[in-house]
Amino acid sequence: MKQIYIYLSLLLIGASGFAQGENDNWYFGDFAALNFATNPPISLSNSQMEQFEGVASVSNSNGQLLFYTNGKTIWGANHLPMPNTGDLTGNYSTNQAALIVAHPGNPNQYYVFTLPASDEPSPGVLSYSLVDLTLNGGFGDVVANQKNIPLLDQNGNTFDNNSEAITSAVNSNQNGYWVLFPIANTLYSYPITSSGFSNIPITSSILLQDSPIIGTSHIRVSPDNSRVAIASWGTTRVLTVYNFNNATGQADTTYQFTIGNVSVLTSEFSGNNNVLYANETFGRVFVLDLLNFQFRIINQSIRFGTLQRSKYNDIYVTHGNFNSLNGGTPNLSRFINVDSYATSSLSLNAVTLTNGLGTIGLPQWISALPEPGCPSTITLSTPEINASFVYQYNSSIIANNNYQTAVGQNINFKAGDFISLQPNTEIKSGSVFLAEIVPCHAITTKSFTGPIVNAPGKFTHLLEEETELKVYPNPAKDIVNLTMENVAIQSVAVMGIDGKTLLNVAVPANDGNYPLDISSLPSGIYILNITTPNGKTISKKLMVQ
């Protein structure tokens, strides 16, 4: 152990060294992770998570990892499971299984929202849990009495499990958030303020092509919080973009851009808020010009996963083999020049993972509030309790008496005038410690004049209806019926979520109806790939009881 006696500024760094790093670390798929401190990102090898679809991860403003989750378990910055997790209500087959939102009134606390899958035989409940980073030796844990708390509708009831979509938006005062959950004909918006989460939602009416949201769905908010895109590919197959009023938390249906008869898996806005990218599971990406109500289609013979914008304003997407998940993918593709409707393009295999495999999900964007003004000074005289923490003060930081760091801790001091480490301060070997003389760089919140209001307008385009595959009953036990109108079924493959083919059946001559024997399959979630005589492959999710 090394004693340090320092009474002067330790390190001088210019203002350009300050950055918002909440989205620097992406943890996803099967043991895959990327660090976006640089562009292009660097592949990491420390993830302990396996997940098929939705994930979430969060870092502090300096880009230091805080935790990541698959909706069931939360792993801390030490890559160990938080003790009071493992039974959260997310699911490995939920499109947006997890969402992380910071507590505006407590910098050490985060809300984690978790969603079950819409086709579970025994559906779970849309819930939230509160993570406190001061617990578990500074690596965080879920607060004991704040775990798996159900979200309630306007009548105080829990939800039927018919939506897999959840996201967040910054409110118009820039001092809190809205948590957005679309289901049936309603967008539910829950406020999070400095007082915490309110389980009393604001509601607004939404109808996707005059039909309710039932089944797998997805929601995304634009970077300026002025638009919301909602997609459903369950009973309703449609994508609609609305204006969003972040003062009231409500969808504004005076603006509607709708494309029907599409099975959109995910969507993502450009950094300038004027272009939307939306992908189907197989093959097609739609690029929407939100100002001029036009769209174009990019066709690729690959299976797409989640679209996600990085802090550099590129949009990444996972992809695998066209006909199967292929056990995951070591590659991510990237849309570049995304602010331009006409000239944006897809760069295939732009990033290669050196460890782990990507599957469908990528972590949602973490919305950060403008930083409050920094306090003037602090004196630290007890052992450090945080695993990773940034102290930022306008004038000075003084450490004395019994202040000490421990092995594995990552601590950053930032002060405008001076930092003093006085006698009996210990910076122990095995800890990471950085002291910087930097201005506070708090962002002054601009005066509030109201939410951003986009011009009204409505446009609907119904694409030619694709051949529909009906799978029933679903969930099934011994026999599942496959039906296609006026199209024969040539072959059927059934895969597990690990991409392994478990059944491969050459179907006898038929009129588009085939009873598939699944009695040999154990209970679980599978993917059906049905091939027609013209070579087209259609996929559906199958639940086996």
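What number goes with the only condition from (1) hydroxyl-bearing (Ser, Thr, Tyr); (2) touching a Leu at 6+ places or on another chain (Cβ under 8 Å); (3) farther than 28 Å from VAL101 by Cα; (4) at pLDDT below 85 that SER324 does not pass?
Of everything listed in (1) hydroxyl-bearing (Ser, Thr, Tyr); (2) touching a Leu at 6+ places or on another chain (Cβ under 8 Å); (3) farther than 28 Å from VAL101 by Cα; (4) at pLDDT below 85, SER324 misses just condition (2).
Restricting segment 172-193 to residues that are modelled with pLDDT under 95 and polar (S, T, N, Q), which is surrounded by the fewest Cβ atoms within 10 Å (Cβ to Cβ)?
ASN173
Six or more apart or on different chains, Cβ under 8 Å: which pairs go from a residue in segment 143-154 that's free of Cβ contacts under 8 Å to residues at least 60 places away in the same chain to one that's of a type in the set (Val, Ile, Thr) and surrounded by fewer than 15 Cβ atoms within 10 Å (Cβ to Cβ)? Could you list them?
Qualifying pairs under 8 Å: PRO150/THR158; LEU151/THR158; LEU152/THR158; LEU152/ILE200; GLN154/ILE200.
Taking segment 451-478 only, how many residues are surrounded by 11 or more Cβ atoms within 10 Å (Cβ to Cβ), under 25 Å from LEU521 (Cα atoms) and modelled with pLDDT of 80 or more?
Result for segment 451-478: 8.
Tell me whether segment 154-165 contains one or more residues that are surrounded by fewer than 23 Cβ atoms within 10 Å (Cβ to Cβ), part of a strand (DSSP E or B), assigned by TED's automatic domain parsing to the domain that holds ASN225 and touching an Asp or Glu at 6+ places or on another chain (Cβ under 9 Å).
No.
Could you please let me know if ILE489 is within 30 Å of VAL241 (Cβ to Cβ) and surrounded by 16 or more Cβ atoms within 10 Å (Cβ to Cβ)?
So ILE489 fails the test.
Which residues, counting only those in segment 504-519, are within 26 Å of PRO116 (Cα to Cα) and of a type outside the set (Val, Ile, Thr)?
Result: SER519, single match.
I'd like to verify a number: residues in segment 222-238 that are buried (at least 24 other Cβ atoms within 10 Å of the Cβ) and either farther than 17 Å from PHE286 by Cα or at pLDDT 95 or above (or both), how many?
5
I'd like to know if segment 35-56 contains one or more residues that are surrounded by 24 or more Cβ atoms within 10 Å (Cβ to Cβ) and within 25 Å of PRO370 (Cβ to Cβ).
Yes: one or more hits.
Inside segment 433-447, can you point out the residues that are aliphatic (A, V, I, L, M) and either surrounded by fewer than 14 Cβ atoms within 10 Å (Cβ to Cβ) or at pLDDT below 50 (or both)?
Across segment 433-447, the qualifying residues are ALA442, ILE443.
Residue pairs, Cβ under 7 Å, 6 or more apart or interchain, first in segment 479-498 and over 20 Å from LEU521 (Cα atoms) and at pLDDT 80 or above, second surrounded by 19 or more Cβ atoms within 10 Å (Cβ to Cβ) and of a type in the set (Val, Ile, Thr). List them.
Listed pairs, sorted by first residue: ILE489/ILE530.
The values are calculated or read from the model by the stated rules, or taken from the named source; none is laboratory data. A quick note: this is a predicted structure, and the numbers were derived from the prediction, not measured. Glycine also receives a Cβ, built like all others from the backbone with ideal geometry; neighbour counts cover every protein chain displayed.
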